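Asks: Attaching a single structure in structure tokens format; questions to follow.
Laboratory data are not the source of any read-out in this text; all were calculated from the coordinates shown. Bear in mind the structure is a predicted one, so any value in this text is a computation, not a measurement. Cβ atoms come from the backbone with ideal geometry, glycine included; neighbour counts cover every protein chain shown.
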Amino acid sequence: MSSGSDMQVPTVGELMTTEIVAVTSETSVGEAVSRMRDARVGAVAVVDDDELLCGIFTERDLMIRVVAAGLDAQGTRVGEVMTPHPKTVDADTPLAVVWPRINDWGFRHIPIESQGRLAGILSLRDIFRVRLWHVESRLNQELRTLQQIKSLLDLESDERAKELIQINARLSELALTDDLTGLYNHRYLKQRLQEEVSRSRRYGLALSLLFVDIDRFKEINDAFGHAAGDQVLRRLARLLRTTVGGSVLARIRRYDVVARYGGEEFALLLPITDTGAAMVVAERVRAAVEGTAVQLDGGKTVQLTVSIGVATLPDHGTDEEGLLGAADEALYLAKNAGRNRVAKALLDHHLD
């Protein structure tokens, strides 16, 4: 027999029991039954002197024609109770053809012939065995198919999970990013400020905060429109997060934070940076912006300047609010001093 997806409909010759128990019509029922039990078969073939099939004696015949009739098994000959001249089937006949006939005939055992000679006996047990095998093979095939589908689903789930992780990461990034400039937003700055202040106080390290504000930004909006104002904000954002001329923002490191604080105001959070170093960075930023002209849509050009306030922990504050307040007041000092300049916070600002 073939297996799996190559299952073919078998012939009765492939399924029949070939170990035939043959008796003559003169054999006693008791002896025939004994031989059936020894061979563990449910029927015997009854043959004549020329060994040609003349009948079949089955367990069904035993129960109906012998036991039910109250006959003596030893004193009753097989020829008296057998099914004479039973229907036979050729060994090459497909089981699919024979199966309906078995139901019509009502037989449990059918003699099988090959080239006119008795070759075996096909029983319902043989048929059920192959049908069970077919069912098991089909179930195994379906199980393999289900396993393949599961593997594909698992793969799809893995890919989907990766995609969801990427989407979640992107959403998290968007939640902490300013839509217009692509810089970190006010929320992220406050989060990092809290972390860096805690680290600075724990290890006694300096932490500087710079507020950068575009000078006369309202005049740009009024003169050229809000679209031009957005162009200016995006241009300054690019300048703040890149190194201009190879040295202007050399102090901006991967762990520094560049954020849009709100409106036209930006913030630089510089861990492990004292006031002197922070002032150097601030001056470089101021000079870089002063030397940058923003080309607007329509061909007009805007020359920018910025004012910058610098505050450092622990010189100008002891916590997040103190540092923010000091940087804001330093920016106010720069604006009042004429704009386009850098100012640092007062030394005694918010000190305990």
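Asks: What is the spin-label model distance, in nm, from Ser198 to Gln148 if the labels are put 7 Å beyond Cα along the C-beta direction?
Replies: It is 5.4 nm.
Asks: So, one more: Using a cut-off of 28 Å between alpha-carbon atoms, which lysines can reach Lys150, once sequence neighbours fewer than 8 places away in the same chain are excluded?
Replies: Result set, ordered by chain and number: Lys162.
Asks: Now for a separate question. Compute the length gained on full extension between Glu283 and Glu113: take 0.36 nm times their separation in residues and subtract their Cα-Cα distance, giving the result in nm to one decimal.
Replies: So the extension gain works out to 50.4 nm.
Asks: Between Ala69 and Glu31, how many nm apart are label points set 7 Å from Cα along the C-beta direction?
Replies: Here the answer is 1.9 nm between the modelled labels.
Asks: Which semi-axes, in whole Å and largest first, does the equivalent ellipsoid of the range 186-344 have when worked out from the alpha carbon gyration tensor as the square roots of 5 times its eigenvalues?
Replies: Largest first, the range 186-344 gives 28, 15, 14 Å.
Asks: For the pair Tyr332/Leu139, report the inter-label distance in nm, with labels modelled 7 Å from Cα in the Cβ direction.
Replies: Label at Tyr332, label at Leu139, 8.3 nm between them.
Asks: Using 1/(1 + (r/R0)^6) with R0 = 30 angstrom and r between the beta carbons of Lys190 and Glu163, what's the FRET efficiency to the nearest 0.05?
Replies: After rounding to 0.05, the efficiency reads 0.45.
Asks: Give a quick list of chymotrypsin sites (Phe, Trp or Tyr not before Pro) in the range 254-302 that DSSP marks as loop, anything other than H, G, I, E or B, with at most 11 other Cβ atoms within 10 Å.
Replies: Sites meeting the loop and neighbour criteria: Tyr255.
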